[in-house]
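Engineer: Sharing a structure with you now.
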Amino acid sequence: MSTRWVPGKSLAPYDAFNVGSRCGDDLSAVTENRASLAGRLGLPTQPCWLRQVHGARVVTVPPSPEPGSGAEPEADAAVAERGVLAIQTADCLPVLFCLPDGSRIGAAHAGWRGLAAGVLEATVVAMRGTPLAWMGPCIGAKSYEVGEEVRAAFVDGDRRAAGAFTTTRPGHWQCDLYALARLRLADAGVTAIRGGGFDTFTDDRFYSYRRDAGSSGRFVSLIWR
């Protein structure tokens with residue numbers, strides 16, 4: 001994964017290594033930042049970037065460009081046998097996957113809407129096997145207060161999800177995205193789960209949409225084969 005403090009071309013409030021092309025940053029700076037990733041990390045190819053929309057669609061890489069979306073397919077997860085998969089976040093949860101024999105990789109963007117829509121389950125199905133999973137940096141439960149809409153999206157369909165919500169004031173709860181993800185991954189048969197324990201809101205290495213009141217860049221979580 002990247003951090004915001006890698007030397008890059010983005011200026012305030014996106015300084016410095018923003019890779020998000022739809023957050024208001026200068027596109028030439030974003031393009032330069034993205035281009036430098038391959039050299040910095042020794043990537044075998046440039047990453048496959050997605051046009052993430054908080055849904056549950058999974059694409060197989062290399063995807064065919066879609067009309068009107070340039071080279072970035074509109075999806076929130078991708079799987080591949082070879083290549084570099086990239087997930088952009090700034091509080092949402094990135095989840096990376098690989099089959100135990102390393103023959104297939106996957107990556108998913110899981111904010112609360114994507115989690116509720118089943119993006120993780122859809123990615124597991126597309127992996128065509130039971131993968132290992134790693135959960136990257138997202139907003140921590142103590143920093144993430146939500147309203148009834150978010151809680152109901154999970155608890156109405158699964159009472160066990162109530163354990164991921166802690167009451168703060170009437171009609172509001174702290175939401176633990178990691179706990180929700182673990183629950184859904186386990187139901188999909190994924191038991192080897194690593195990562196977690198970050199809080200993008202309090203850790204200034206990472207962009208945070210909520211901390212920066214919407215004027216936030218994006219960092220990237222990558223997996224490749």
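Engineer: Contact list please: Cβ distance under 6 Å, first residue in region 185-200 and farther than 21 Å from Ala117 by Cα, second residue among the polar types (S, T, N, Q), pairs at least six apart or on different chains.
Structural biologist: Between residues of region 185-200 that are farther than 21 Å from Ala117 by Cα and residues that are among the polar types (S, T, N, Q), the close pairs are Asp199/Ser143; Thr200/Ser208.
Engineer: Then there's this: Condition (residue is more than 19 Å from Ala117 (Cβ to Cβ), touching a residue at least 40 places away in the same chain (Cβ under 8 Å) and assigned to a loop (DSSP other than H, G, I, E, B)) applied to region 155-173: is it met by at least one residue?
Structural biologist: No, that holds for no residue.
Engineer: Follow-up question, since we're still on this one. Taking Gly189 as the residue in question, decide whether it is in a loop (DSSP other than H, G, I, E, B) and modelled with pLDDT under 95.
Structural biologist: The answer is no for Gly189.
Engineer: Do we find that Thr123 is in contact with a strand residue (DSSP E or B) (Cβ under 9 Å, 6 or more places away or on another chain) and surrounded by fewer than 15 Cβ atoms within 10 Å (Cβ to Cβ) in this structure?
Structural biologist: no
Engineer: Going by the conditions given, is Ala153 in contact with a strand residue (DSSP E or B) (Cβ under 7 Å, 6 or more places away or on another chain), surrounded by 12 or more Cβ atoms within 10 Å (Cβ to Cβ) and of a type in the set (Gly, Ala, Ser)?
Structural biologist: No: the conditions fail for Ala153.
Engineer: In the list Asn33, Asn18, which residue meets the criterion of being among the polar types (S, T, N, Q), within 19 Å of the chain's Cα centre (by Cα), at pLDDT 95 or above and not in a loop (DSSP other than H, G, I, E, B)?
Structural biologist: Matching residue, one of Asn33, Asn18: Asn33.
Engineer: Can I ask one more? Looking at region 210-223 only, could you name the residues that are assigned to a loop (DSSP other than H, G, I, E, B) and under 13 Å from the mean Cα position of the chain (by Cα)?
Structural biologist: Once the filter is applied, which keeps residues that are assigned to a loop (DSSP other than H, G, I, E, B) and under 13 Å from the mean Cα position of the chain (by Cα), region 210-223 yields only Arg218.
Engineer: What are the residues in region 9-34 that are surrounded by fewer than 19 Cβ atoms within 10 Å (Cβ to Cβ) and hydrophobic (A, V, I, L, M, F, W, C), if any?
Structural biologist: Matches in region 9-34: Leu11, Ala12, Ala16, Leu27.
Engineer: Please go through region 115-145 and pick out each residue that is assigned to a helix (DSSP H, G or I) and of a type in the set (D, E, K, R).
Structural biologist: Hits for region 115-145 are Glu121, Lys142.
Engineer: Taking only pairs six or more apart or across chains, which ones have beta-carbon atoms under 7 Å, a first residue in region 107-127 that is among the charged types (D, E, K, R), and a second residue that is modelled with pLDDT of 95 or more?
Structural biologist: Arg113/His54; Glu121/Arg184; Glu121/Ala188
Engineer: Under 6 Å between Cβ atoms, which residue pairs at least 6 apart in sequence (or on different chains) link something in region 51-62 that is touching a residue at least 60 places away in the same chain (Cβ under 8 Å) with a partner that is assigned to a strand (DSSP E or B) and surrounded by 17 or more Cβ atoms within 10 Å (Cβ to Cβ)?
Structural biologist: What qualifies is Val58/Ala77; Thr60/Val79.
Engineer: Determine which single condition Thr200 fails, assuming it passes every other condition in (1) polar (S, T, N, Q); (2) surrounded by fewer than 19 Cβ atoms within 10 Å (Cβ to Cβ); (3) in a loop (DSSP other than H, G, I, E, B).
Structural biologist: The number of the failed condition is (2).
Engineer: Looking only at region 70-114, which residues are within 28 Å of Trp173 (Cα to Cα), assigned to a strand (DSSP E or B) and not hydrophobic (A, V, I, L, M, F, W, C)?
Structural biologist: Selection gives Gln88, Thr89, Pro94, His109.
Engineer: Kindly list, by first and then second residue, each pair from a residue in region 91-102 that is charged (D, E, K, R) to a residue that is at pLDDT 95 or above, limited to pairs with Cβ atoms under 6 Å and residues at least 6 apart or on different chains.
Structural biologist: Close Cβ pairs satisfying both conditions: Asp91/Ile139; Asp91/Thr200; Asp91/Ser208; Asp91/Tyr209; Asp91/Arg210.
Engineer: So which of Ser215, Ser208 is modelled with pLDDT under 95, among the polar types (S, T, N, Q) and within 23 Å of Ala86 (Cβ to Cβ)?
Structural biologist: Residue meeting the stated conditions: Ser215.
The values are calculated or read from the model by the stated rules, or taken from the named source; none is laboratory data. As the structure is a prediction and not an experimental result, all values here were calculated from the model. No Cβ is skipped: glycine too gets one built from the backbone with ideal geometry, and neighbour counts run over all protein chains shown.
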